[in-house]
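A.B. asks: There's a structure below that I have some questions on.
Please treat every number below as a calculation from the coordinates, not as lab data. Quick caveat, the model's predicted, so the values are computed rather than measured. As a convention, Cβ positions derive from the backbone with ideal geometry for all residues, glycine included, and neighbour counts pool all protein chains shown.
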Amino acid sequence: MTKPNDLLPEGLEDRLPLEAARITAAMRACLDVLGAHGYDRVRPPLLEFEASLAGRMAGAVTGEGRAMFRFVDPASLRTLALRSDMTPQIGRIAATSLATAPRPLRLAYCGDTVVIKASQLDPARERLQLGAELIGADSVAAAGEAVMLAIEALKAAGLTGISVDFTLPDLVDTLAEKAFSLDPEQIEAVRRELDTKDAGGLKAAGGAAYLPLLYATGPFAAALAALRDVDAGGALKSRLDGLEAIAAHIGDAARITLDPTERHGFEYQSWFGFTLYAEGLRRAAGRGGTYRIAGSNEPATGFTLYLDRLADIAPQPEAKPLIWLPFGHDRTAAAALRAGGARTLSQLAEAEDPAMLGCTHILTDGGPTELEPGA
């Protein structure tokens, strides 16, 4: 019977064996891919001083920083915070402990994050975040590597129907400076109307020249061609050439689309951002792009995968046989079975039923023997 004190806070939940197995399998598969490509894993702490954590990345105070749990450390009497995003921590490590390490520096990470309040679309307040950061490079080559690495990791986790949506987070700023000039107070209004895809509102905000951006979306080749037409003056040529090179690097590994004005989730990114999707997943599987690390201003490229979401559609790992070890069993034989990857369960009481406990085999003098029904 559930007691009131047994209830979990809103947005938090237990992960039971089958679901936990999917999450663990997806995590191992993704980390294996990152490791195989030379990304070394780091493990930053769950808690940090709030000033360091919130200030490490531009926009953190108004974005994720405002969502962090805070409390006073009894030891230092300074304010601590529970991380709501691991990316700023990777930036801190790169700028401090690994400041003299050769660049580009490739780091991988995986850990839990917590937010005070989640969105209606994603009510979870605790999330398992996995990602990779390429520190010291935000070039086209770095972006191409990050996107392909993310695609490969998703496929290793068992996801199919992968698609990638490109965006240009600094598009409005670039055009306002070089081609379609706007007053400083107009820029945010134009961004807002582009976010809502409101043609009338865009005109009213003084952004009539930006109307073609609303239609430069969709399958990559057609959307890029439409965006090149917008960029008749050459203000975006280098960026669009970069997008084309990244798309060529991906090839047919994933479906590619383009939404150049998409900003949600790209508060930190500079010239390039991307969102990952997979068949059967209602929300994004991950996001990434290029950015600058606050404090050091070092360029970087990376991505984050949302492991909890992936586990919703990731295949269930094949269950290994569970071998019952009765009283007096051969311990050397049992150890050899475990060393070979088998799972064992030792008998603790006479009345235990191995079949009820999920065992499929029993260890006998001749080795593992399949349990007979009703045994």
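A.B. asks: Among the residues that make up segment 177-195, is at least one of them touching a Gly at 6+ places or on another chain (Cβ under 7 Å) and β-branched (Val, Ile, Thr)?
C.D. replies: Checked segment 177-195: at least one residue is touching a Gly at 6+ places or on another chain (Cβ under 7 Å) and β-branched (Val, Ile, Thr).
A.B. asks: Hey, ARG239 hits all of (1) more than 27 Å from ALA189 (Cβ to Cβ); (2) not in a loop (DSSP other than H, G, I, E, B) but one; which does it fall short on?
C.D. replies: Of (1) more than 27 Å from ALA189 (Cβ to Cβ); (2) not in a loop (DSSP other than H, G, I, E, B), only one is false for ARG239: (1).
A.B. asks: Restricting to segment 342-364, name every residue that is touching a Lys or Arg at 6+ places or on another chain (Cβ under 7 Å) and surrounded by fewer than 16 Cβ atoms within 10 Å (Cβ to Cβ).
C.D. replies: ARG343
Residue-wise test of (1) among the β-branched types (Val, Ile, Thr); (2) outside any loop (DSSP other than H, G, I, E, B); (3) farther than 22 Å from ILE23 by Cα.
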residue: ALA319; (1), (2), (3): no, no, no
residue: TRP324; (1), (2), (3): no, yes, yes
residue: ALA334; (1), (2), (3): no, yes, yes
residue: LEU337; (1), (2), (3): no, yes, yes
residue: LEU348; (1), (2), (3): no, no, yes
residue: ALA351; (1), (2), (3): no, no, yes
residue: MET356; (1), (2), (3): no, no, yes
residue: CYS359; (1), (2), (3): no, no, yes
residue: ILE362; (1), (2), (3): yes, yes, yes
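A.B. asks: Is it true that some residue in segment 146-162 is small (Gly, Ala, Ser), surrounded by fewer than 23 Cβ atoms within 10 Å (Cβ to Cβ), in contact with a Pro (Cβ under 6 Å, 6 or more places away or on another chain) and touching a residue at least 60 places away in the same chain (Cβ under 8 Å)?
C.D. replies: Yes, that holds for at least one residue.
A.B. asks: I'd like to check which strands (runs of 3 or more DSSP E) are fully inside segment 17-136 and have at least 1 residues that are in contact with a Leu (Cβ under 8 Å, 6 or more places away or on another chain) and under 30 Å from ARG282 (Cβ atoms).
C.D. replies: Strands (runs of 3 or more DSSP E) meeting the threshold: 79-82, 105-114, 126-135.
A.B. asks: Something else about it: Would you say ALA189 is surrounded by fewer than 23 Cβ atoms within 10 Å (Cβ to Cβ) and in a helix (DSSP H, G or I)?
C.D. replies: yes
A.B. asks: Need the failing condition index for GLY265 against (1) among the small types (Gly, Ala, Ser); (2) in contact with a strand residue (DSSP E or B) (Cβ under 8 Å, 6 or more places away or on another chain); (3) part of a helix (DSSP H, G or I), just the number.
C.D. replies: Here GLY265 clears every test but (3).
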